[in-house]
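The values are calculated or read from the model by the stated rules, or taken from the named source; none is laboratory data. The shown structure was predicted, so the numbers you read here are calculated from the model rather than taken from an experiment. Cβ sites come from the backbone with ideal geometry, for glycine too, and all protein chains shown count toward neighbours. The accessibility values were calculated without ligands, DNA or RNA, using every heavy atom of the protein model including side chains. Shrake-Rupley method; radii C 1.70, N 1.55, O 1.52, S 1.80 Å.
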Amino acid sequence: DDFAVTSVQFLVDGVALGGADTAAPYEASWNTTALANGAHTLTAVARDAAGNETTATVVTVTVANDTTAPTVAVTSPAASATVTGTVAITANAADDFAVTSVQFLVDGVALGGADTTAPYEASWNTTALANGAHTLTAVARDAAGNEATAATVTVTVANDTTAPTVAVTSPAASATVSGTVTIAGTATDDFGVTSVQFLVDGVALGGADTTAPYEASWNTTALANGAH
């Protein structure tokens with residue numbers, strides 16, 4: 001001003017932003033999160049002691065605050081799936097600005113570090129957990145700190161860590177045999193018996209039997225008389 005500026009009042013969308021600033025440098029703090037994302041106008045009105053005032057040319061800016069949490073969903077394994085060994089857990093995540101990380105959790109416990117780049121996935125060694133039902137989920141975060149948790153997926157871990165039980169049922173111990181006889185056995189497993197291989201004196205007797213009842217034909221005349 002040719003005499004002196006007495007105040008500068010800032011306006012956002014035509015509404016005064018706080019009180020007028022009476023000393024240079026003229027400035028005001030504007031919390032953009034109080035407004036919806038999109039275009040907004042800024043201007044300023046300068047006044048002097050004589051009551052003269054001038055309004056600055058309007059400046060249009062775009063407010064783009066990230067106030068929306070990402071979306072996230074576990075895509076593999078599928079709900080109710082049975083898993084064994086080491087499997088990949090994968091998820092899809094999206095955000096109106098950008099996803100910064102996806103953290104996978106098994107039974108509520110973080111599985112390794114967060115994955116910061118798509119495709120979002122983690123390797124899960126299921127043998128570290130007991131067989132049975134376990135829950136999987138994922139937490140997606142954006143740069144603004146918004147986060148969302150995926151719907152829980154329940155899967156069944158079924159690792160076969162127990163050996164079968166097996167017993168020779170015929171001939172009986174200490175029996176005397178001659179000619180061709182049938183060797184029979186029973187076998188059970190918590191998952192399933194795939195084969196039973198009979199041995200005579202530690203040597204395989206033919207091929208393995210893959211179906212119950214488990215048995216093999218033994219021609220005893222091929223061996224010398226005596227204990228076997």
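In the context of the full set of protein chains, the chain has a per residue accessible area of 59 Å² (1.4 Å probe). Between Ala172 and Val63, the distance separating the two model label sites (each 7 Å from Cα on the Cα→Cβ line) works out to 9.3 nm.
Leaving out ligands, DNA and RNA, what percent of the accessible area of the chain is carbon and sulfur, probe 1.4 Å? Carbon with sulfur: 55 percent of the solvent-accessible area.
Run the numbers for Phe191 and Ala227: contour at 0.36 nm per residue of separation, minus the present Cα-Cα distance, in nm.
Net length gain for the segment: 9.4 nm.
Loop-resident chymotrypsin sites (Phe, Trp or Tyr not before Pro) (DSSP state other than H, G, I, E or B) in the range 122-218 with no more than 16 further Cβ atoms inside 10 Å of their Cβ: Phe191.
At q = 0.19, 0.21 Å⁻¹, what is the base-10 log of I(q)/I(0) for the range 1-134 according to the Debye formula with one equal point scatterer per Cα and no solvent? Please give it to two decimals. Calculated log10 I(q)/I(0) at the listed q: -1.05, -1.18.
Let me check I've understood the local charge: for Trp30, count other residues with C-beta under 15 angstrom from its C-beta, Lys and Arg +1, Asp and Glu -1. What total comes out? That works out to -3.
What is the Rg over Rh value, at two decimals, for the chain, using alpha-carbon atoms and the Kirkwood definition of Rh?
Result for the chain is an Rg/Rh of 1.52.
Computed from the C-beta positions of Ala143 and Glu53 and an R0 of 30 Å, the FRET efficiency is 0.15 to the nearest 0.05. Fully extending the segment from Val203 to Asp2 would add 61.0 nm, taking 0.36 nm per residue of separation and subtracting the current Cα-Cα distance.
For the range 138-197, the orientation-averaged shadow of the C-alpha convex hull comes to 7.2 nm² (one quarter of the hull surface).
As a calculated quantity, the FRET efficiency between Glu121 and Thr33 at R0 = 30 Å, using C-beta atoms, amounts to about 0.35. Other residues lying with their Cβ under 15 Å from the Cβ of Ile89 contribute a combined charge of -3, Lys and Arg counting +1, Asp and Glu -1.
If you take every residue apart from Ala64 with its C-beta less than 15 Å away from the C-beta of Ala64, what net charge results, scoring Lys and Arg +1 and Asp and Glu -1? Write out the running numbers ahead of the final one.
Numbers: positive: none; negative: Asp66, Asp95, Asp96, Asp142.
Charge balance in the 15 Å sphere: -4.
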